[in-house]
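Worksheet: the structure to be examined is printed underneath.
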Amino acid sequence: MKLKYLAIFALIGVIGALIYYISHKDQHIASWETFEKTQKDKVKHHKSTSAELKKINAKKETKRVPANIKRERVFLGKNKKQINEFINQPASDWKEKLGHNLLDHRLPGTKVFIKEVSGNIKVENGKGRYVEKVIVTTITAEGKQYSFNALADSETGKVLNTWNRTIHEEFGNKPNRGMSANPVY
Amino acid sequence: MKMWGNKIQTLITALCLVLLSSCVGDLTSVTSSVTDLTDSSNSGSSSGRSNVGGDNSTRGVNPNNGRYLKDNPIALSGNNNLSANENLGKYLSRNEDFITSNNQLLESCSAKGVTRTNCHGVKSASNANFFSPSDNRWGFSTTTSYFRQVQAFGSVRDIINKFHSDLVFSYNYGLSYPYQTAHPVNLFSSSNPAFWFKQNTSLGIDGTLLTYSDCDIDDNAFFSPSRLEICLGKLTVANNLYIVSDPTVTWHEVGHAFNQIMLNTRNTASGLTFVHDTNLGYQFYDEAGGIGEGLADFFSFYMNYRGHFGEWALGRFLRASRPMEENDPLHAPGVSESTPGRISYPDFVPYDPNFPTERLEDIHYSGQIISHFMVALVKSIQSNCSMTRENATQRVMHLLMETFAHLGDQTALGYDGAPEYTINHSPDHAHDWISTVNPINFRSFMQVFSKYFKYTLGNSSLNHCNGGAFSMTTYESLVDDYGLLLFKTYNENGNGLVNGHAGINTSVTPSERVKTVLIDKSYLKLDSRPGKPKAFIIDDQEDISAAMDSLKASGQIASVSGMIDPNFAYNNGNGKISPGEVVGLSLSLYNNSNSPMAGVQVLANDWDHTKGGKPCNTFEDNWPLASEGAADLTSGEGVEGGCDFVTEYNGSNTLAEPNEELAPVCFVEINETSSTQWYQQSKLLTKIGLDSSYCLGGSDSTDDCFVRAIKGADSANYSIIDPKSTWAETLVNENGVPTFNFNNVIFFEINPWIPPGTVFNCRMRARFTNCDDCFHDEDNGNDNYKDKEFSGAKPFRVINFSFTVID
């Protein structure tokens, strides 16, 4: 009898572990990362969860690039040539720095989601700069969502350029972005 | 005891079964088989234009088939007062439609024998899975999400097929006839097809355009070029009212995607990896954005040949639909297809036909000028060339494809085999030219579009207009009716350094410019009327915080200096410029002419106006005096580095132009022992003994150490300024005061280390679209200025604004 109960409890344990694994196995989608500005002006960082990706309508990843494959960096622009001098060096924590930079001067409660697109080399005045192309999705403190592409410095995480911003129609009452201005005489 | 043991055993077994079944639910494949057995689509009603006599349930259609609406319910029913609860199934056609033979709403697209796999797909929303119906039967009740997904798929698929078919026509035409087509020869390369979004599987970039039919946003739809997504939301006015049920809106959104593709065909086909894609519109309001919206509306006409967009989703419930023909009943009295009645530039820039007495600065309203012109041109080609409506529309689309391939070109060649850069300065600076320095506006769009018209339908050597050529006089007259004859030549010779003023350059017939008014830039100036403000300052903490948050959120600006408090604590809202603030500056520009000015732009980006670090005083503003620190003109003039020499490389080629430089707009006044002098800001750094690490841009950026325009917010756009008025007097709200949006303001960072009392002068540049000498070089037969000139002063009105930083 005791053995029977032990077997049942063991089975429950196995089933429970299986369920936990299945429900959590895709919970961290490797290529998206979440950065959130807290009420105390701190930044929290974690791999994006399924629930978060659902909120920003992120596509479900169908293919992952194997982590052990060394990325080949593509030159940007016309000047593809041998570069002997670089003005920066890639840092492993560039994405974390980028997340912090994106949340600078932002309101508490803002979330940004970063997805890597490619690593590149930008030629500036004959020197190379390691850069990262990313997709950034933001949910503002008011719950509005925007996306754009960005180019970030691979060492400092500083945003160098942005483009491909979302085109919103906003058919209803258009949001009033009016600002109060003081005349100068 | 045994009884309780059995009960516990039973309970545990049941629990295991429950847990196991939920586990199985997680383990099922990503698609689920769906069968809709309902038949609510067939109400048996005899009202409406088309009835589903058959059964639109899943079992009621053949495999691979279903049904979807071919236009919006208002158009299909003929009932402008259709109820929100209307059974949309009444407007499905009796015949079944082929949906797809794939088991998901995801398919390839092909053009000219080249196939792009996973070209486009549809899901309901969020991170949903693709669904698969039983036996691949795509029939569903119109009240279901499954139907909405099929609806979206059908609408998107239809316009993609037509677009690609017409792109092939345009490409073949361009390569078959002797004119400079902008189409790249490898537009349909199998290894790098430029007729769709880029795909790079090794990087995980699938290039698939996904449409979400039940997107979780209210009264909104959007196109995201970064994520290649179209989001069709829900209307809040009623339950179960989805934007996807209006195909004209779906086509509008896909139209934005097509604009993106067309602008980047040459960039994609080049095989180079550019830093950015070319976009259409970079601010909340600018003319490129207006053109984009007008063309997106036109993509609705492109599909159904109806001169009205959004009657169901926008018009019926939100009073926000838009006409594309002057004879539309929605238009205000006086609007007509006659010359004086056309929706013309610039008068109709702020016009909303739903609220005709209001004047609103919005890209959707200014875009109507373009949409109306495009529809009118289709009709004109039909009648003048005896073409069918379909063929005429195809020809107009061909012109648009050529125009955008040229205007968006970041290789800067403009066409294959060009001997030099003819557009957008050069590859290194093309993005700056397109986004800020010389962006697409109503003038540039119409000039390039008209050039291709002249090359094709207007070409008497081709005779493609009913055996002859479309009269260019007639064409110019139509363009002028819309106030869009803003160019004096067709600029066939481009904007290049060497040949920009050489070769063929056909002039527009001056007598055809009757309605269009070109104004000298001298009529635009800083308001100097007594008692009137010369500028407006925004420095309220809440306003600035919200502005910076919004501009960063949308990606318009990349960053704010680390020297600025993260909460903008120094912003005190006193209407003055104080250390540590971010301030918004809106110059009060006065239109001293008798005609409206439109597309007014003020630039605060770096430009070529110094020599040896000192400000040149050789421009129209005559600032500063020689005694106040102006650059020395006694030597080094007429060569690179001189005040009279404009950099040919935008200051970035230190080998070819070692003495040429771009300088920030703001200078600082420093009292020397014998005089007051104007200097670049690095001088103040030295004077107050501040370490360069305290500069707004860090140690490497000392010339804008103390006052710096935020990149991305370093230009301002104003849609229209009435005669003898300022913008603030032209567009006022119901309270009679202007509403400043982000595009009306240039945002400056003010270093907290500035000593109070320091005086700055910012020398900015201004221009407007219907300006004569902002674009026409009268020293070269009114040809376009060469691209390089936009690094300097010639195409602009130089505007100085001085201020004192106070505590």
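For a test of the definition: using alpha carbon positions, the gyration tensor, and the 1.5 limit on a/c, classify the protein assembly as shown as rounded, prolate or oblate. It comes out oblate by the Cα gyration axes. By the equivalent-ellipsoid construction on the alpha carbon gyration tensor, the stretch B:287-512 comes out with semi-axes of 30, 22, 16 Å, ordered largest to smallest. Counting only helical runs of four or more DSSP H residues, what would the 222 nm mean residue ellipticity of the protein assembly as shown come to if each run contributes -39,500 (n - 2.57) and the total is spread over all its residues? Dividing the helical sum by the residues of the protein assembly as shown leaves -7500 deg cm²/dmol. The stretch B:413-477 and the stretch B:705-776 have Cα centres spaced 31 Å apart. Over 24 Å between C-alpha atoms is what I'm after, so list which of A:LYS158/B:LYS123; A:LYS158/B:LYS683; B:LYS521/B:LYS552; B:LYS525/B:LYS552; A:LYS37/B:LYS552; B:LYS234/B:LYS552 land there. From A:LYS158/B:LYS123; A:LYS158/B:LYS683; B:LYS521/B:LYS552; B:LYS525/B:LYS552; A:LYS37/B:LYS552; B:LYS234/B:LYS552, over 24 Å: A:LYS158/B:LYS123; A:LYS158/B:LYS683; B:LYS521/B:LYS552; B:LYS525/B:LYS552; B:LYS234/B:LYS552.
Relative to the Cα centre, the charge distribution of the stretch B:287-512, modelled as +1 at Lys and Arg Cβ and -1 at Asp and Glu Cβ, gives a dipole magnitude of about 460 debye. Between amide H atoms placed 1.01 Å from N, distances below 5 Å from B:TRP607 occur with B:ALA663, all of them 5 or more places distant or on a separate chain.
Per residue, the convex hull spanned by the Cα atoms of the stretch B:710-796 amounts to 171 cubic angstrom.
Compared with the rule-of-thumb size 2.2 N^0.38 Å for a compact globular protein, the stretch B:760-807 has a Cα radius of gyration ratio of 1.49.
Cβ crowding within 10 Å, taken as a proxy for footprinting-reagent exposure, orders B:ASP539, B:ASP362, B:ASP621 from fewest neighbours to most as B:ASP621, B:ASP362, B:ASP539. Counting every alpha-carbon pair across the stretch A:97-161, the share separated by more than 14 Å comes to 58%. Once you have all Cα-Cα distances for chain B, histogram them in 10 Å bins from zero and send the whole-percent values. Computed distribution, short to long bins: 2, 12, 21, 23, 19, 12, 6, 3, 1, 1, 0, 0. In this calculation the C-beta distance from B:SER83 to B:LYS724 is compared with R0 = 56 Å, giving a FRET efficiency of 0.65.
Taking only the alpha-carbon atoms of the stretch B:459-573, what semi-axes of the equivalent ellipsoid follow from 5 times the gyration tensor eigenvalues under a square root, in whole Å, largest first?
Here the semi-axes work out to 48, 22, 16 Å.
Spatial offset of the stretch B:89-130 relative to the stretch B:543-611 amounts to 45 Å, using the alpha carbon center of each. Using a simple spin-label model with pseudo-atoms 7 Å out from Cα toward Cβ, A:ILE83 and B:SER674 lie 4.8 nm apart. Over all pairs of different C-alpha atoms, the stretch B:321-370 has a mean inverse distance whose reciprocal, the Kirkwood radius, equals 10.7 Å.
Residue order for B:MET387, B:MET764, fewest other beta carbons within 10 angstrom first, comes to B:MET387, B:MET764.
Start at zero, step by 10 Å, and the Cα-Cα distances of the stretch B:135-194 spread as 19, 31, 21, 18, 10, 1 percent across the bins.
Karplus-derived 3J(HN,Hα) values for the stretch B:695-712, using 6.51 cos²θ - 1.76 cosθ + 1.60 with θ = phi - 60°, are 6, 4, x, x, 4, 7, 9, 8, 6, 10, 5, 10, 10, 9, 6, 6, 4, x Hz; glycine and proline are entered as x. Give me a comma-separated list of calculated 3J(HN,Hα) values for the stretch B:515-527, in order, Karplus coefficients 6.51, -1.76, 1.60 applied at θ = phi - 60°, integers in Hz, x for any Gly or Pro. So the J values, rounded to whole Hz, are 8, 6, 10, 9, 10, 5, 5, 5, 7, 9, 8, 5, 4. A cut-off of 5 Å between modelled amide H atoms, ignoring neighbours fewer than 5 places along the same chain, links B:ARG322 with B:PHE309. Phi angles of the stretch B:294-302 translate, via the Karplus equation with coefficients 6.51, -1.76, 1.60 and θ = phi - 60°, into HN-Hα couplings of x, 5, 4, 4, 4, 5, 6, 4, 3 Hz per residue; Gly and Pro are given as x. Other residues whose C-beta falls under 11 angstrom from the C-beta of A:ALA181 contribute a net charge of -3, scoring Lys and Arg +1 and Asp and Glu -1. Rounded to the nearest 20 debye, the dipole size of the protein assembly as shown about its Cα centre is 3860 debye, using +1 on the Cβ of Lys and Arg and -1 on the Cβ of Asp and Glu. Dividing the alpha-carbon radius of gyration of the stretch B:394-485 by the rule-of-thumb value 2.2 N^0.38 Å gives 1.19.
Relative to the longest principal axis of the Cα atoms of chain B, the long axis of helix B:145-176 makes an angle of roughly 50 degrees. For the peptide B:535-544, the mean number of other protein chain Cβ atoms found within 10 angstrom of a residue's Cβ is 4. Remark: mean inter-chain Cβ contacts per residue of B:653-659 equal 1, using a 10 Å Cβ-Cβ cutoff to other protein chain atoms.
Using the alpha-carbon positions of the stretch B:559-691, Rg (one decimal) and Dmax (whole number) come out as 18.1, 51 Å. Shape annotation for the stretch B:651-807: C-alpha extents along the principal axes are 51, 48, 33 Å, from largest to smallest. Judged by the mean number of other Cβ atoms found within 10 Å, the most tightly packed of the peptides B:669-681, B:303-315, B:155-167, B:241-253 leads the ranking B:241-253, B:303-315, B:155-167, B:669-681.
Ranking B:SER682, B:PRO658, B:ALA128 by how far each Cα lies toward the positive end of the dipole of the protein assembly as shown (charges on Cβ) leaves B:ALA128 at the top.
Per-residue shielding of B:271-278, expressed as the average number of other chain Cβ atoms within 10 Å of the residue Cβ, stands at 6. Sorting B:LYS123, A:LYS115 by the number of Cβ atoms found within 10 Å of their own Cβ, with the fewest placed first, yields A:LYS115, B:LYS123. Between the amide H of B:PHE619 and any residue lying 5 or more places away or on another chain, no distance stays under 5 Å, with hydrogens modeled in the peptide plane.
Full extension of the chain between B:GLN199 and B:PHE98 gives 33.6 nm of extra length, using 0.36 nm per residue less the Cα-Cα distance.
Every read-out reported here was derived from the displayed coordinates using simple, explicitly stated rules and does not represent laboratory data. Note that this is a predicted model, so its numbers are computed, not measured. Virtual Cβ from ideal backbone geometry, glycine too; neighbours counted across all protein chains shown.
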